[in-house]
Each structure stands twice: as C-alpha cells, then as structure tokens.
Amino acid sequence: MQTTRRRFLTGAAATAAASALPLSVQKAVAVAAPPGGLESVEHVVFLMQENRSFDHYYGTLSGVRGFGDPNAIKRPNGKSVFEQPGFARDVLPFSIRKAIGFDLRPKEAQQFVAGLPHSWPDAQAALNNGWNDRWVHAKTPGTMAYYDRQDIPFQYELADTFTLCDAYHCSLPGGTNPNRMFHWGGNVGYEPDGKRTTDNSAYADDHPGYEMTPYVDRLEAAGKSWRVFHEWDNFDDNALEYFKSYRELAKKALASTTYRSMNAFYGAVGRAKDPTALLDQLEKGYATLTDAEKSAFDNGLRRTRKGELGKYFREEAHAGRLPNVSYVVASAAESEHPLSSAPGRGAGITYDILDAIASDPGLWASTAVFITYDENDGWFDHVPPPAPPEGTPDEFVDGRPLGLGTRVPMLVVSPWTIGGFVCSEVFDHTSTIRFMETWLGVREPNIGPWRRTVAGDLTSAFDFARPRSRRAVGRPAPDPGARALLPALPPVFQKAPVQEPGRRPARPLPYRTEASARLTGTTLTLTLQDEGPRGSHFAAYPYAGELPSPRHYDVRGTATDALPVTDEYSVTLTGPNGFRREFTGTPTGKAATAAVSSAQDRRTLVITLENPTTTPLTFTLKSHAHNHLNETFTLAPATSKTVRHRTANGWYDLTVTTKEDTTFTRRLMGHLETGRPSTTP
C-alpha cells in the first residue's frame, strides 16, 4: 500500500488515462452493492479537512452549481456576483495557475498559496447583509482564486466517481473551531463572559472549555462505539478537546506533567528528540483515571505517532476494530489548509483512508465516508448562504446571523453513492450529526430548530434501492513538494472562468417549491409555497429598494409577505436547487395587476396567466433554456389562461412579458422534483 501511495503522490505512474484512486477503490466501485437500506451501514467515517470553499475547488466541475450557474444573483448595481468590486477594478474568479507570478513557479509549487482573512468580522463583511458582494474588500483580491481539474485531479475524480453535495455549507461565517463545534456538538458554546463563541478562543490553554455535551457522549450512552483518529500533530483540530468535560479529563491525565492541554503536551512531544520521558509522564496520569475516563481518553484524546495516522487507521480497520463512528483528524501537513498544506497533500491521507476501507471487501460493503471542510478560509463562493429570518431564537450574535456559512465541498464515498451524482439538498455541519440521528437513532438536542428546518440529514445523498457500479478513470494528483508563500493575485488581463460542459446525474430532492407575486395598489404580495416533506428556504433580493437588505423565509406549506412599492419594483426570489422567480413592474403600468402563477404536474409546469384589467393584455412566454417555448396569447379583460410547458427532465427557464406594459415581467426558473433521480441542467 505504501508503495502504491508513494507512486500516486509523486505521479511516477501517471498517464493521461490513469486513475488517481487506490486500486482497491477502483475494484470496489466496479461491483454494485446489493439493494438495502440504512441498516446496511455499519461504519461511518468523517474526514473534515481545512479551509476550502466550493467554488474554490469545484467551480469549474461540470454539472454542479459553479461558475456557469444560471441562478447566480446580481449585485445591487445589476452586475454579476462573480464580478466582485475591488480597489481599482472588479475582480473575476481566476485560475491559481494564472495568478501573477505563479506561472513562473514549478507546477508542484502552484498548489501552495497563502491563507486569507477568515474570522467572524471579515466573513460577515464579505456577505454584506446577504448581498455577498464585498469579498475583495473584506479578504483580498486573492479571494477569487480557484483550482480546476488540472490542479486537483484526485478531488475531481472523487466527485466523478461518487456523490458531491453542492449545497453543503459550513455552519457559520467564521473560523475553524466554531464550525467544528457544530460538527462535534451540534452548536457553538458560550465564552466565560456569556457571549456565544464565534472565534478560536478555546485554543488558549487557560480556556475553561464549553459546557455543551459532545455528541460522542450521547453515542457512548447509547452503546455505540466511536473513536478519534489523530496523530501527535493534529493541527489543533480535534474539537472534542474544547468541550469542558474533555478539557478537564485532559488536565487530570496530564497531572504528572507541566502541561495544561493536549495540544501543548503533544506539541512538546513532537518537538522532543526523545519523547519517551514525556509519554511516560502521561501514562502516570492516565493510570489515575477511572475505567470510564480511560475509555473516553483512549477514544477521544490519545494520539498516535507522527506520520502514522494512515497506518494506524488501516491496522485498526483490518483488525476489525473500526468503531461505528470514526473521526479522522489530519496533521497540519495533510489538512489541505492554505500555506500549511495543499490539495495534493490532503489527497494523501484521503487516499490512505479509502484504501484501508476498500482493501477489505466486507468493510467497504458496510462503510460510508464523508469528506468535507470545516470552513472556507477567505475563498470566494458565489452562493449566499441561507440565513435565519429576523427574530429566530438563538441564531443571532450581536444582530448578525450565526449561520449558515459559505459553501464548502462535501463528498460522500460509499457503495451507495457511486455514479458521479450531485446532491443539491441544503446541508451544514449539523447534517453530519443528523445523519447519525437517522442511522443510529441517537438524538442531539444541541441542534436548534432553525437548523433542522433549513438543513437536511444527508440521507438524500444515498441510493440504497438502486446502487450503481462505475469504472473509475481519472488522473493522478501531483505531489506539491514546494511552497509558494505569497498570496494569489489576479492576472492583469481577466477573463470569466468557463465551467466544464456536460450534465451530471442528480439525486432526488425533498423540495416542491413554488412562488408568485401580485400587485395591489402599492403593495407587492409574495406567495411562497412548498408542499414537499420538509419545506424550502427562500431569499428575496430587493433591487428597487423595497427592503433595506435581502429577506429570508423558511416555508413549509404556504406563506405570504407584503413588500412596499413606490415608482417601480424589482424583486428576485431564490430557493433551493436553482429555483428562481423575478418580479418587475410599476403600479401605473397597464399590466400592473396582471398575475402569473405556476404549479407542478409531474414533469410538466402548469402556468396560469391572469388579466384582471378592463382592457385586453397580450402575454408572451419565451424560454431561455431547456425545451423551446415561444408563444403569445391575448387575454380578454377579466379572463385567465392555463399553459402547460413540458420541461426538460424537470428543468425550466422562461420569461412572461406583456406587449401593453413593457415594465411587467415574470421569470420562472427551477426544477420539478418527482422523487426520482434526474440530471443537472
């Protein structure tokens, strides 16, 4: 295995048609799993890496919501969100290979870039109250840098082979530990001064730790096995160490040493020429623990030797000691964190974990691996995250929404996620716990009701009834052997990025989303609907000043909202999986009171046109993509008409206008869900 991994990392065996995946995985994906259900899963592995946004990694990947997204919002001035205002000019997304000076460096050095600001204040500034248009000012122009298939072929092949979630968000706009707290405990804690944590204060040795109960304790109480796999250098990324109960446990185990935290102790161990004496001191303290405390320490706090994380995981897996739930925490060098690591380095530990599992056919047939990233660092993503409606309890800090945060990648690797699928249900880091709730029946009360409303449980990424096989073909990842310590700066001559052509199979989603608008006097009433099993999150963007900032809604069933209108209105409403409605008009136009609504009949969009005025109105329906539509109807006063539009595998994008009132438009975009797999546009 080590020889294979070494050849993979160095690219010594590279050919244009070679696969970067372990040979064991290539063999495993060629065999379809038998139909089953969640009971087929016996082991879950979480590998949470560091600091990459979705667009930064997958903006150019075909068939996902990337740089070619037709549902991308516009800035208040009408420009695309991909054109971020800079200090002297707008900055477009740019390839790291095209960054100033990077093309002069060795290819392996191009993967290494310096990190960017990524704390709570600058993350909130970048989101700019929902407009998502201050990234360059809040971060640097380097925020717009991205990788593509040529740069990170291993990550792209994983997406081509398994299932990629393109609506997975980190849990709050901010740094590492608060996001990892959501992953490990379903929420963030409170600092000693009583304020919700939004930073990495818990890293300090004198921090008391958060009084929340971690989810692993609930697993333990339910008789489910779990373990954290990490080595002496875990990049301070085991969030379990920042819960008060585990911080106190660490202090008790370290009583025979001069150290007050596991990070400080293992940092000294890693620096020591001969760490034996330090490790012996730890064992003296460990001997004083109760049996229950020893079990918690061994599972949650004990680390393996430097450089042996992949080896240790493999040994435990092949010895039949893999628990129900495994958390793998990479070293700084393999974390994919900007500057400290690179995508190719992170590919190494991912390779080891997948190879360890796939080398045992029985283990592969019973295991799901979730690969995600704790936060986005300062890297741009064009999709504004869902935010709680005003007044939502426990979801605001100093008047700012606590979440969700920016999109990050989530790959689901298992026998039941083969096929290069995309899953576009909204998720965040609490969704990893929600999956375990559904799978194991162990509930986490720390997850607030709004999170449960807006984010799913990741089960939609799987297809247990119709598992697929796939022949993996890709390219090996390069070995980033040198560092480029400077930030990426945009090239002098900019060009909009191009997303790979092609469609991707898509998982069925739980959304049944509809919306319409009707003007009465100077009030525009929005009607929002979702008759599906879990509801939809909507965001309204007020381009004519109807609201002071974008407004958010969570709807299950039907809801309405009234927006004030003066001389004109221009409102864009977005929802899940490319849903969009655009409403423009004026109170004085001849079609001011006209209305357009829609409904779903399987894969047919049923559009209703209404003319409540006293004069005839001529409506034109014209498609922008998918199945062709260009029809004109004249409606007599006080009449309506229904038009049936056959969608392209559920996808539609059309505009309704009127001849008599050029200010009146309604744009309808989205996808009709039927509970069956589909394709991307």
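The values are calculated or read from the model by the stated rules, or taken from the named source; none is laboratory data. Everything numeric in this text was worked out from a predicted model, so none of it was measured. Glycine gets a Cβ as well: all are built from the backbone with ideal geometry, and neighbour counts include every protein chain shown. Side chains are part of the model used for accessible areas, which takes the heavy atoms of the whole protein and leaves out ligands, DNA and RNA. Shrake-Rupley method; radii C 1.70, N 1.55, O 1.52, S 1.80 Å.
Short version: what are the Cα gyration tensor semi-axes of the chain, square root of 5 times each eigenvalue, largest first, in whole Å? Numbers along the way, then the final one.
Working: eigenvalues 415, 139, 123 Å².
Each semi-axis is the square root of five times an eigenvalue, giving 46, 26, 25 Å.
Using the Kirkwood radius over C-alpha pairs as Rh, can you work out the diffusion coefficient of region 315-408 via Stokes-Einstein at 25 °C, viscosity 0.890 mPa s, in µm² per second? Before the final figure, lay out the partial values.
Numbers: Rh = 16.4 Å.
My calculation gives 149 µm²/s for D.
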Please list the radius of gyration and Dmax for region 582-681, considering alpha-carbon atoms only, with Å as the unit.
14.1, 46
Please list, ordered by chain and number, the residues whose modelled amide H lies under 5 Å from the amide H of His169; skip anything fewer than 5 residues away on the same chain.
Val408, Phe427, Asp428
Take the alpha-carbon positions of region 383-422, form their convex hull, and give its projected area averaged over all directions (one quarter of the hull surface) in nm².
4.4 nm²
Given Cα pairs under 8 Å that are at least 6 residues apart, what percent is the relative contact order of region 305-396?
22 percent
³J(HN,Hα) computed for each position of region 332-341 - Karplus, 6.51 cos²θ - 1.76 cosθ + 1.60, integer Hz, glycine/proline x:
4, 5, 10, 7, 6, 5, x, 6, 6, 8
Divide the volume of the convex hull of the Cα atoms of region 91-194 by its number of residues and quote the answer in cubic angstrom per residue.
155 Å³
Using a 10 Å cut-off on Cβ atoms, rank the peptides 593-600, 557-564, 381-388 from the highest mean neighbour count down.
381-388, 593-600, 557-564
For Lys659, the lysines lying under 20 Å Cα to Cα, once residues fewer than eight places off in the same chain are dropped, come out as Lys590, Lys622, Lys641
Between Gly63 and residues 5 or more places away or on another chain, the pairs with built amide H atoms under 5 Å apart involve none
Largest to smallest accessible area among Asp428, Asp69 [probe 1.4 Å]
Asp69, Asp428
Mind computing the radius of gyration and Dmax over the alpha-carbon atoms of region 536-620? Å is fine for both.
14.4, 39
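Could you pull out the trypsin sites (Lys or Arg not before Pro) across region 121-228 that fall in loop regions by DSSP (anything but H, G, I, E, B) with no more than 12 other Cβ atoms inside 10 Å?
Loop-located and lightly packed - Lys195.
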Phi to ³J(HN,Hα) by Karplus 6.51 cos²θ - 1.76 cosθ + 1.60 over region 356-363, Hz, x for Gly, Pro:
4, 6, 6, 5, 10, x, x, 5
Sequence-distant residues sharing a close amide H with Asp653 (under 5 Å, placed H)
His624, Ala625
Could you give me the ³J(HN,Hα) list for region 379-392, computed from phi with Karplus coefficients 6.51, -1.76, 1.60 and θ = phi - 60°, whole Hz, x at Gly and Pro?
7, 5, 9, 7, 8, x, x, x, 10, x, x, 3, x, 5
What nm value, rounded to one decimal, do you get for the distance between Thr276 and His318 when each label is placed 7 Å out toward the C-beta?
2.8 nm
Order by protection proxy (mean Cβ within 10 Å, highest first), peptides 515-524, 650-659
650-659, 515-524
Note on the chain: contact order normalised by length, alpha-carbon pairs under 8 Å, 6 or more apart, percent, works out to 20 percent
For Lys495, Lys311, Lys284, give the ranking by accessible area with the largest first, probe 1.4 Å.
Lys495, Lys284, Lys311
In degrees, nearest ten, helix 291-300 long axis to first principal axis of the chain (Cα):
60 degrees
Going highest first, how would you order 312-323, 242-253 by mean Cβ packing within 10 Å?
242-253, 312-323
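If you wrap a convex hull around the alpha carbons of region 325-370, what volume per residue comes out, as a whole number of Å³? Before the final figure, lay out the partial values.
Numbers: hull volume 3.1 nm³, N = 46.
It comes to 68 Å³ per residue, whole-number rounded.
How do Asp530, Asp90, Asp398 rank by accessible surface area computed with a 1.4 Å probe, from largest to smallest? Walk me through the intermediate numbers first.
Details: Asp530 0, Asp90 35, Asp398 120 Å².
Listed by decreasing accessible area, they come as Asp398, Asp90, Asp530.
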When only Cα pairs under 8 Å and 6 or more residues apart are kept, what is the percent relative contact order across region 332-472?
20 percent
Determine how many Å³ per residue the convex hull of the Cα atoms of region 613-666 encloses.
76 Å³
Cα-Cα separations in region 17-167 greater than 23 Å, expressed as whole percent
50 percent
If one compares the long axis through the Cα atoms of helix 309-318 with the longest principal axis of the Cα atoms of the chain, the angle in degrees, nearest 10, works out at 90 degrees
Excluding residues on the same chain fewer than 8 positions from Lys252, give the lysines whose Cα lies under 28 Å from its Cα.
Lys195, Lys224, Lys244, Lys273, Lys284, Lys294, Lys306
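What does the charge add up to near Gly557, with Lys and Arg as +1, Asp and Glu as -1, over the other residues with Cβ less than 12 Å from its Cβ?
On the way: positive: Arg512, Arg534, Arg556; negative: Glu514, Asp530, Glu531, Asp554.
Result for the neighbourhood of Gly557: -1.
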